[in-house]
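*Asks:* Before we start, here is the structure in question, set down as structure tokens.
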Amino acid sequence: MQHMLPGGFKRIRHYGLLGPAHKAANLAAARTALEAPAPDLVVVETVEAFMRRVADIEWLNCPHCHEGRFHVARAIPPHLPRAPPQEAS
């Protein structure tokens, strides 16, 4: 129960340095202030390559048969309203 918010509180996730509105500019300003170099784009790897290197797994493969591949069937747009929760009968 440590991670549950009290009644009446809302969790806000999109704020601060890593907020999506100005993320690139904020990170660039932070790197400048810390005198840190910008990341080398050649070093940045795909998620698939990272998971293969770090965990030695093919993350797109089926966890049961290890042969089938996951693929995107359809994308759910973020702007669609959610249906209200159904009450248990």
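*Asks:* Hey, among the residues in segment 38-61 that are touching a helix residue (DSSP H, G or I) at 6+ places or on another chain (Cβ under 8 Å) and farther than 21 Å from Gly16 by Cα, which one's most open to solvent (accessible area, probe 1.4 Å)?
*Replies:* Looking at the filtered set, the residue picked out is Trp59.
*Asks:* State which residue is farthest from the chain's Cα centre (by Cα) when the search covers only segment 40-61 and only residues that are acidic (Asp, Glu) and over 30 Å from Ala28 (Cα atoms). Quick ask: steps written out before the conclusion?
*Replies:* Within segment 40-61, the first condition is being acidic (Asp, Glu), and the residues that meet it are 40, 45, 48, 56, 58.
Next, from what is left, pick out any that are over 30 Å from Ala28 (Cα atoms): 56, 58.
Numbers: Asp56: 21, Glu58: 19 Å.
So the residue we want is Asp56.
*Asks:* For segment 62-76, name all the residues that are within 20 Å of the chain's Cα centre (by Cα) and open to solvent by less than 100 Å² (accessible area, probe 1.4 Å). Give the steps one after another, and end with the answer.
*Replies:* Kept after step one, since they are within 20 Å of the chain's Cα centre (by Cα), are these residues of segment 62-76: 70-76.
Matches in segment 62-76: Ala73, Ala75.
*Asks:* Residues Ala36, Ala25, Ala30, Ala21: which one is modelled with pLDDT of 85 or more and outside any helix (DSSP H, G or I)? Show your work before the answer.
*Replies:* On the way: Ala25 fails: outside any helix (DSSP H, G or I); Ala30 fails: outside any helix (DSSP H, G or I); Ala21 fails: modelled with pLDDT of 85 or more.
The match here is Ala36.
*Asks:* Are there any pairs with C-beta distances below 8 angstrom linking a residue in segment 39-63 that is without any contact (Cβ under 8 Å) to a residue 40 or more places away in the chain and among the aliphatic types (A, V, I, L, M) to a residue that is open to solvent by less than 70 Å² (accessible area, probe 1.4 Å) and in a helix (DSSP H, G or I), with the two at least 6 apart or on different chains, and if so which?
*Replies:* Ile57/Met51; Leu60/Glu48
The values are calculated or read from the model by the stated rules, or taken from the named source; none is laboratory data. As the structure is a computational prediction, the values presented were derived from the model and not from experiment. Cβ sites come from the backbone with ideal geometry, for glycine too, and all protein chains shown count toward neighbours. Heavy atoms of the whole protein, side chains included, go into the accessibility calculation; ligands, DNA and RNA do not. Shrake-Rupley method; radii C 1.70, N 1.55, O 1.52, S 1.80 Å.
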